[in-house]
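Structure record follows, encoded as structure tokens.
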Amino acid sequence: MSGDDCFEILNKIFKAKNPESIENIKGYTIKYGNIIDENKKIVDEVLVSYFKAPKSYTTENMCEINTHGGVVILRNILDLCLKNGANLAEPGEFTKRAFLNGRIDLLQAESVIDIIHAKSEKEAKNSINQLEGHLSKKINEIKQKIMNVMVNVEVAIDYPEYDEGDATNEELLNMFSEVKSDLTRLEASFDNGKIIKEGIKTAIIGRPNAGKSSLLNAILKEERAIVTDIEGTTRDTIEEFVNINGIPLKLVDTAGIRETDNEVEKIGVVKSKKIANDADLIIAIFDSSKDLTDEDKEILDIIKGKKVIIVLNKIDLENKIDEKNEYLKNISDNIVKISALNETGIENIYDKINEMFNLNEINLDNGTVITNLRHKNLISKAIENVNKAEETLEKGMPTDVIAIFIKDILEALGEITGEEVTENIINEIFARFCLGK
């Protein structure tokens, strides 16, 4: 519970073994006792943590009741809290209060949900960096560079008789150049940030019985997909995540691509083609023990011009095609030979992915990485206004016109940290949180 009345409500339902007045209980203290109902009957034996304003997550008075768990006990204690004056928290309300009360900025608040939803170590680490204020610090440094020059701009507007003209213009141009350079680096980091947060959407495609499901099982090291000698076993997609170098790889096993009269399988084939078209990476798998068929060549047409790894499966059998095949080489030089059955050569696929996406170069220790599309769009908006301000200055427009674009730059950056953000955006952001966060 958090808020002015939380200790008053707690006192109605908690009986400590060693009672003390709330004035004498220090913050960051845990007390042992029982939760009791309106008839003074014991509901559960608990530990209660006390946090006193302003030294709490929300900066308000807070308490936490640690119970033995179990649905019935939890529900009874929750009902007692509500009966005695508490209200159920809205999604993200505790973090929202921390933001509204000024303990964290909006960027840090958003990092909380990113930590909760992190699918890899790198995503978790980047989210923690943002919670600690690394990105906020960078944004504020950029804003300060603008504000340092803005003081002189305001003087030039208010007292034109003291404006030195060329000196102010040179100062502005230098500032615009520095700010644009800083913002462009942040904007460019989103390419890596998107990979860190969303992973690499990877479609495994091929004709029936080429070994798609066997490859998925070999990568996951479990029997996730059904594997039989019967063609067309997979008729819908199977999605799983694995981690490569701390980056989530979203694997999608698709239905085998071929001509078929089966209506269900036809739907699966259409879906496979769409997924391949939308994927960040395609793993196209071929049976190396057989010559390329017309269906194989259709698949090669589908993947032409895309980021693709061609996998030649079944190298444990006599090979009919290899990495020298002209059809394959015309599509990609990224050709890997494996045996999904024996789980050999799988590491070579990982090596190719590392190489194609420069995963080894995504180092969170060397700079700030943007992972949030909202932040990226606002940074792009700020860069656009820097360009407009530069153009206006070069055309010799009055200083007060340039100041309009400078204000727009500051507003875009303020929306990232929450200083300029609207209530609707705040509500939309915190609606993504779960209860109790």
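Before moving on, here are some points about what is shown:
- For region 1-22, the tally of residues that are in contact (Cβ under 8 Å) with a residue 12 or more places away in the chain and not in a loop (DSSP other than H, G, I, E, B) stands at 11.
- For the residues V179, V151, the requirement of being part of a helix (DSSP H, G or I), at pLDDT 95 or above and more than 30 Å from A118 (Cα to Cα) singles out V179.
- Evaluation of K137 against the conditions (1) of a type outside the set (A, V, I, L, M); (2) in contact with a Pro (Cβ under 8 Å, 6 or more places away or on another chain); (3) at pLDDT 90 or above shows that the sole unmet condition is (2).
- Single residue of region 23-53 satisfying the filter (in a loop (DSSP other than H, G, I, E, B) and in contact (Cβ under 8 Å) with a residue 24 or more places away in the chain) that is nearest to V72 (Cα to Cα): D37
- The set of residues in region 397-437 being at pLDDT below 85 and buried (at least 21 other Cβ atoms within 10 Å of the Cβ) consists of T399 alone.
- Candidates in region 97-112 are the residues that are polar (S, T, N, Q) and under 15 Å from N372 (Cα atoms); of these, the one that is surrounded by the fewest Cβ atoms within 10 Å (Cβ to Cβ) is Q108.
- Flag for T184 being hydroxyl-bearing (S, T, Y), under 26 Å from the mean Cα position of the chain (by Cα) and modelled with pLDDT under 85: no
- Identity of the residue in region 96-126, assigned to a helix (DSSP H, G or I) and modelled with pLDDT under 90, that ends up nearest to M175 (Cα to Cα): N126
- Helices (runs of 4 or more DSSP H) lying entirely in region 346-437 (those with 2 or more residues that are acidic (D, E), within 27 Å of V149 (Cα to Cα) and free of Cβ contacts under 8 Å to residues at least 40 places away in the same chain): 373-394, 399-417
- Test result for N360, surrounded by fewer than 15 Cβ atoms within 10 Å (Cβ to Cβ), in contact with a helix residue (DSSP H, G or I) (Cβ under 7 Å, 6 or more places away or on another chain) and on the phi < 0 side of the Ramachandran plot: yes
- Contact annotation: residue pairs with Cβ atoms under 8 Å, 6 or more positions apart or on different chains, pairing a residue in region 145-172 that is among the hydroxyl-bearing types (S, T, Y) with a partner that is modelled with pLDDT under 75, are Y162/V155; Y162/A156; T168/N152; T168/V153; T168/A156.
- Remark: pairs (first residue in region 186-197, closer than 9 Å to V369 by Cα; second residue surrounded by fewer than 23 Cβ atoms within 10 Å (Cβ to Cβ) and among the hydrophobic types (A, V, I, L, M, F, W, C); Cβ separation under 6 Å; 6+ apart in sequence or on different chains) = N192/I362.
- Among the conditions (1) surrounded by 19 or more Cβ atoms within 10 Å (Cβ to Cβ); (2) modelled with pLDDT under 90; (3) closer than 22 Å to D105 by Cβ, G367 misses just one, which is (1).
- In region 291-317, the residues that are in a loop (DSSP other than H, G, I, E, B) and either crowded, with 21+ Cβ neighbours inside 10 Å or not assigned by TED's automatic domain parsing to the domain that holds D280 (or both): K314
The values are calculated or read from the model by the stated rules, or taken from the named source; none is laboratory data. It should be emphasised that the depicted structure is a prediction, and the values quoted were computed from it without experimental measurement. Glycine gets a Cβ as well: all are built from the backbone with ideal geometry, and neighbour counts include every protein chain shown.
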